[in-house]
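Please read the structure below before turning to the comments.
The values are calculated or read from the model by the stated rules, or taken from the named source; none is laboratory data. Bear in mind the structure is a predicted one, so any value in this text is a computation, not a measurement. When we count neighbours, we look across all protein chains shown, and the Cβ atoms used for this are built from the backbone with ideal geometry, even at glycine.
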Amino acid sequence: MSTEASATPPRSEERIQDAVIRLAGNSQDGIQSIGGFLARLAGRSAQEVMTYMTIPATISGGPSIFQVRMGTGEVLSAGDEADFLVAFYQHSYDNHIAHLREGGVLLYDSDHVEPVESDTHYLKVGVPIASLTVEALGGSTREKGKNIFTLGLLSRIFQLDVVKLRGIFEERFGSKSEDILRNANLAFDAGYSYPIDNVLDRYYSFLAPEESGEPQVTMDGNTAIVLGLLTGGVRYGAGYPITPWSTIMEMLRSQLPKYGGIFVQAEDELAAVSMAIGFSYGGRLAVTGSSGPGISLKLEALGWASMAEIPLVVINIQRGGPSTGLPTNVEQSDLLQAIYGSHGDCPRVVLAAQNVEDCFYTALEACKIAREYSVPVFVLSDMSMASRIEAFDEPDLDALQIEPKLDTEDRSEDFKPYPLDKITRHAPPGTWIEGGKFPQVTGLEHDETGHPSANPQMHVAMMAKRRDKVKALADSLPPSEIYGAQEGDVLVVGWGSTWGPIRETVVREHSAGKSIGHLHIRYVNPLPNDVDAIFERYTHIVVVEMNDEGLYGYGQLATLLRAKTCNPGIKSLAKTDGLTFKIREILKGIQDLTQ
Amino acid sequence: MSASPAPAKIERGTITKKGIAADHPTWCPGCGDFAVLAAFFKTLEKLQFPQENIVTLAGIGCSSRFPYFVNTHGGHFIHGRALPFATGVSLGRDDLHVFVFGGDGDGFSIGGNHLDHAGRKNIRLTYVIMDNFVYGLTKKQTSPTSPQGFRSKTDPTGAIDRPTNPMRKLLSSGATFVGRTHATQIKHMMSMYERAIAHDGFSVVECLSECVEFYKGAFDAGIPRKGGTFDIIDEEEHDVTDMAAALALAEEDWPGKFGVYYQNEVPTKNALEQDIIGKAREKTGGASDLDLIKATFASMK
């Protein structure tokens, strides 16, 4: 919590720039909804917000945390250490107290938690959360509602905008039943009116943010992907449930019918990708997706989609692997799978979203690229972005929205599904071809009409056709943007959700006068053409990613970049603890690797 | 594979025998699949759908080469997944006539699970399984329908696993039209195709189609001129809507009966999805896509 002196601060009020609040409880306690309310409130107050959630793989119960960082000014990561720890149970306290910063505040449920008396590193604030909630709501509710009680406590402590919060309650619960809304308000009031002053000697209030002018929207990464797909004109799709991809298919299932579309829950991953390809072959750009193991099952069909040159959007919400691995932790270990996984040489496009806002724009861009290049496009996100809530400027939907069109206009007699001299534009079934020679779409190597051909020259030519269109995409990419030093000592390179922690690190170091820049790669296949020249400008290139250093000491992107650029300055900072990077880890990594 | 000379130009509106044929089939001379293709052509000539609205799809196998030989929009997909592929085509494009062709390996082995679910979902399409009791494209391995004792390269002393009972499998999949025919009986084949195509739902026809190369004589017991019996189901006696009766037919001794085992009217997924869409559109007052996405963003503020 960085504090800033105010001209005439009220005696008991501390003005703060931002605060990291970690809520630790069990998965059924609804701590995610406290986080959700705080995030939405922050969005409506033009404050920046970032959340970080872990959920256990067990069905119900089991420890769970939700961390919210709210602040004035750009919030880039969920924060290394918490300023505030809310502990609902003894295990919450035991497991998370080490994450509370020196001088931070422990807010604990005194019905369940006994902190170590002698520990004076932090301020202890005990409130009988469970029993006061039961008292406020009546006996039948048990402890349900203590999340909202706690939200009341936090609202008081942080001087949050209660009127706005009540509005958010109304929207969230109002449509369900009056009872639920009333109980939420009762629990909130009980928390808000608790005499917290007796145990905590100050309040906090956030510095007023600069209004960006744009209305803010607040959502998690998976929701942003869905909205990107909808805006990009995807109306059909198929999937199979797997964490953390499932929430995307759930939302598509409820959203698509409004747009006249269909999302099918398939019998398995093989069927899901095949159905999506079937939709696309029928002239309706479709989406499928999954997480690690499920993507493996789709790879044969994706090879077909590359060969048959079918536009398709494939989402991979990566999690810790291999196999069932760490299903509720984060990893970026499917990069090479996304680029190369399948069989044979099957060029396709791989994009990586770097934060929640970018999940929206990346999904939207994937739709455009898939159509324009008639190619499967992977969108890589991960567990940490899937459920993380951030606020961002509302996109300009009038400009971005794409109306999907089924193109069954007659084709002329010279129509070919696989012309060697241009990018494939399929004529979906229902299209009349003048002269009456209908196209075949196939996974066998084929000639320009789609009929099988094992002619060696044809295979070489078709292989080049499929490769060259992906290279053409590389030629069309905008110049890469570098934050900080445009040349010099260190360039930190990342991809995907490491954007926030890397940027925060580089901002800190660069403003302290270090010669350091940040390049984040959104187009991982094809890579931007300009990376070679950019790398030439730095002594050290440190590639930060959440995957294993592999047999040769380099993470997956580092391996690719070494292969592409042959730049000896490339170093790899890779880790697989299933947790997002902390600023101090990146700082230390840079220090160690550039000595 | 050598492509045949380009077919004569055809006019929109009429399906002719010449205009519906594409490449010359790659099948071995004498293969039962030629007759299946010929019967399909004749059926299409009779039905006269707009040619551009017919789509012929397949997975992998000898019989799955089918789409190349038919001059319609065609898709040659991967092994075992022709049904989910066709499911996407059918659900996304309810205006098309969707046909899937494949063999016993594609349908009952690698793709077996998809049969159960295409049946359960009652996808509007017609699926012809050209069953030859052997893997032919890979040159004589045991198939899921190979009888016990069949000597193949993977069972040199004779197959030991019990074969799939195709009719029982199809009936239990929930397919709403299940027929059985024989590639030597062109008229019967055509009547099965016609009835399958007329059926509104997931219609499957198993067609015994001999592999002359690797399982010669497999279906002689169903060929009268070879001393067999082609015993057609008497629909005066057999109620095609009676699942128990259909299952009883499926248990009959080889070569069993031919004809429609089961047919029932059940809402298709195609129709049920349109209902969901209709209700959703009604609820939103038929709002434009742009209004819908804006409303969703508004709820995120």
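A few remarks follow.
- Residues that are hydroxyl-bearing (Ser, Thr, Tyr) and more than 8 Å from chain A (Cβ to nearest Cβ) were ranked within the stretch B:267-301; the one that is farthest from A:Thr218 (Cα to Cα) is B:Thr268.
- The set of residues in the stretch A:200-220 being on the phi < 0 side of the Ramachandran plot and outside any strand (DSSP E or B) consists of A:Leu200, A:Asp201, A:Arg202, A:Leu207, A:Ala208, A:Pro209, A:Glu210, A:Glu211, A:Ser212, A:Glu214, A:Pro215.
- Lone qualifier among A:Gly430, A:Gly435 - being assigned by TED's automatic domain parsing to the domain that holds A:Met463 and either among the acidic types (Asp, Glu) or modelled with pLDDT under 95 (or both): A:Gly435
- None of B:Asp131, B:Asp155 is touching a residue at least 12 places away in the same chain (Cβ under 8 Å) and surrounded by fewer than 18 Cβ atoms within 10 Å (Cβ to Cβ) except B:Asp155.
- Screening A:Val264, A:Val226 for residues that are farther than 19 Å from A:Glu365 by Cβ and touching a helix residue (DSSP H, G or I) at 6+ places or on another chain (Cβ under 8 Å) leaves exactly one candidate, A:Val264.
- Considering only residues in the stretch A:232-243 that are surrounded by fewer than 24 Cβ atoms within 10 Å (Cβ to Cβ) and at pLDDT 95 or above, the one that is nearest to A:Met383 (Cα to Cα) turns out to be A:Ile242.
- Test result for A:Gly494, in contact (Cβ under 8 Å) with a residue 40 or more places away in the chain and buried (at least 19 other Cβ atoms within 10 Å of the Cβ): yes
- Restricting A:Arg235, A:Arg253 to residues that are out of contact with any Ser or Thr (no Cβ under 9 Å at 6 or more places or on another chain) and facing chain B (nearest Cβ under 9 Å) narrows the list to A:Arg235.
- The stretch A:432-445, subset closer than 17 Å to B:His76 by Cβ and part of a loop (DSSP other than H, G, I, E, B), residue farthest from the other protein chains (Cβ to nearest Cβ): A:Glu445
- Residue match in the stretch A:417-431 (condition: among the acidic types (Asp, Glu), at the interface with chain B (Cβ under 7 Å from one of its Cβ atoms), in a loop (DSSP other than H, G, I, E, B) and more than 30 Å from A:Asn329 (Cβ to Cβ)): no
- The numbered conditions (1) free of Cβ contacts under 8 Å to residues at least 60 places away in the same chain; (2) more than 9 Å from chain A (Cβ to nearest Cβ) are all true for B:Gly119 except (1).
- Single residue of the stretch A:266-307 satisfying the filter (of a type in the set (Ser, Thr, Tyr) and within 8 Å of chain B (Cβ to nearest Cβ)) that is farthest from the chain's Cα centre (by Cα): A:Tyr281
- Residue within the stretch B:20-28 that is part of a helix (DSSP H, G or I), within 13 Å of chain A (Cβ to nearest Cβ) and more than 21 Å from B:His182 (Cα to Cα) present: yes
- Of the residues in the stretch A:399-407, at least one is in a loop (DSSP other than H, G, I, E, B) and more than 11 Å from chain B (Cβ to nearest Cβ).
- Test: B:Ser64 is surrounded by fewer than 24 Cβ atoms within 10 Å (Cβ to Cβ), more than 10 Å from chain A (Cβ to nearest Cβ) and part of a helix (DSSP H, G or I): no
- When we screen A:Gly62, A:Gly73, A:Gly103, A:Gly79 for residues that are touching a residue at least 24 places away in the same chain (Cβ under 8 Å) and out of contact with any helix residue (DSSP H, G or I) (no Cβ under 9 Å at 6 or more places or on another chain), the only hit is A:Gly73.
- When the test is whether a residue is in contact with a strand residue (DSSP E or B) (Cβ under 7 Å, 6 or more places away or on another chain) and surrounded by fewer than 18 Cβ atoms within 10 Å (Cβ to Cβ), A:Leu477 passes it.
- Residue in the stretch A:98-107 that is buried (at least 22 other Cβ atoms within 10 Å of the Cβ), among the basic types (Lys, Arg), at pLDDT below 95 and under 29 Å from the mean Cα position of the chain (by Cα) present: no
- Selected residue [farther than 26 Å from A:Ser384 by Cα and either out of contact with any Gly (no Cβ under 8 Å at 6 or more places or on another chain) or modelled with pLDDT of 95 or more (or both)] from A:Gly228, A:Gly303: A:Gly303
- Output for the stretch B:254-265, where each listed residue is of a type outside the set (Gly, Ala, Ser) and surrounded by 15 or more Cβ atoms within 10 Å (Cβ to Cβ): B:Pro255, B:Lys257, B:Phe258, B:Val260, B:Tyr261, B:Tyr262, B:Gln263, B:Asn264
- Scanning the stretch B:93-101 turns up at least one residue that is assigned to a strand (DSSP E or B), buried (at least 24 other Cβ atoms within 10 Å of the Cβ), at the interface with chain A (Cβ under 10 Å from one of its Cβ atoms) and in contact with a strand residue (DSSP E or B) (Cβ under 8 Å, 6 or more places away or on another chain).
- Residues (in a strand (DSSP E or B) and more than 23 Å from the chain's Cα centre (by Cα)) located in the stretch A:518-546: A:Tyr538, A:Thr539, A:His540, A:Ile541
- A residue that is in a loop (DSSP other than H, G, I, E, B), under 27 Å from A:Gln354 (Cβ atoms) and at pLDDT below 85 can be found somewhere in the stretch A:2-21.
- Restricting the stretch A:547-566 to residues that are more than 22 Å from the chain's Cα centre (by Cα) and charged (D, E, K, R), the residue that is surrounded by the fewest Cβ atoms within 10 Å (Cβ to Cβ): A:Lys564
- Residues in the stretch B:102-125 that are under 21 Å from B:Trp27 (Cβ atoms) and assigned to a strand (DSSP E or B): B:Gly102, B:Gly103.
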